[in-house]
Every structure is written in structure tokens, then in C-alpha cells.
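Take a look at the structure below.
The values are calculated or read from the model by the stated rules, or taken from the named source; none is laboratory data. Bear in mind the structure is a predicted one, so any value in this text is a computation, not a measurement. All Cβ positions, even for glycine, are placed from backbone atoms using ideal geometry, and neighbour counts span all protein chains on display.
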Amino acid sequence: MQFNIKIDQALAVLEKNLQEHIVELAEANQVWTAQTVRALEELRDATKRDGLKASYEKVQQLFYKKPQDNRAMYSKFIGALKQAQVAGELNIQMDEDDYDRTFNDNWDWRIQSKTANSSYKN
């Protein structure tokens, strides 16, 4: 089913979701950075004491599970809607899946970043 949605309404929701993501990302980056610094210090200390037993595993895991930044993805959709507005459009057509992604913040990439970033909550 296709239906019309006001661009202003979709933009407001996307921009709200973007701001929530920015706050989540800042918190995750802060915790991740502290954990990474601690892991690097532990690696440094282990290397000083007994280089043969020093392990890069903890640092490697942290770099593998970095917080995910989706600002570019939000910007892509926000920019497209703003361009439609500039062209004189007031509404866009959406189906149920488009609605779910836009209004429920249920994008595949967003679900992945919520999972990854939630492991770095204070």
C-alpha cells in the first residue's frame, strides 16, 4: 500500500532520530575510548614486564567492535527530503516498509549500530 506523508513531518522525525543517534554515539565513543586507552596501557605494561606474554587480543576486540556512526546515512535521507522540498514538493509517497524505517527508526544499519553502541553505555 502506498500513502502520502508530509515531508515536514518525515524530516522532523528523521532529525529527531539523528539527534538521538548523535547523543548515543558520543556516549559510546567516550566509553570505547576509555576502554581502548586502558587496554593499550595494559598491553604496554605487559610488554614491559614480559613481552612474550603480552597479548594484543583485548585491543583487537575493541577495534573490531568500534561504535558505529550513522550520521552520513541519516544525512542522505534528510538531504533527499530537503531537495524534494526545494523542488516544491510537500508530500512523499511511502509504503509500510518506508514508514517503518523512517518513523520507527527501523533501518538495518540503525539496528546494527544500536546493538554495537549499546555495549558502551555508561
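Restricting A34, A84, A72, A28 to residues that are at pLDDT 95 or above and touching a strand residue (DSSP E or B) at 6+ places or on another chain (Cβ under 9 Å) narrows the list to A84. Taking the criterion of being aliphatic (A, V, I, L, M) and either in contact with a helix residue (DSSP H, G or I) (Cβ under 6 Å, 6 or more places away or on another chain) or in contact (Cβ under 8 Å) with a residue 12 or more places away in the chain (or both), the only residue of region 47-56 that qualifies is A54.
R38 falls short on exactly one of the conditions (1) more than 26 Å from M1 (Cα to Cα); (2) more than 13 Å from the chain's Cα centre (by Cα); (3) in contact (Cβ under 8 Å) with a residue 24 or more places away in the chain; (4) surrounded by 12 or more Cβ atoms within 10 Å (Cβ to Cβ), and that condition is (3). The set of residues in region 83-117 being surrounded by fewer than 12 Cβ atoms within 10 Å (Cβ to Cβ) and hydroxyl-bearing (S, T, Y) consists of T115 alone. Looking only at region 88-108, residues that are under 16 Å from the mean Cα position of the chain (by Cα) and closer than 17 Å to K16 by Cα come to 6 in all.
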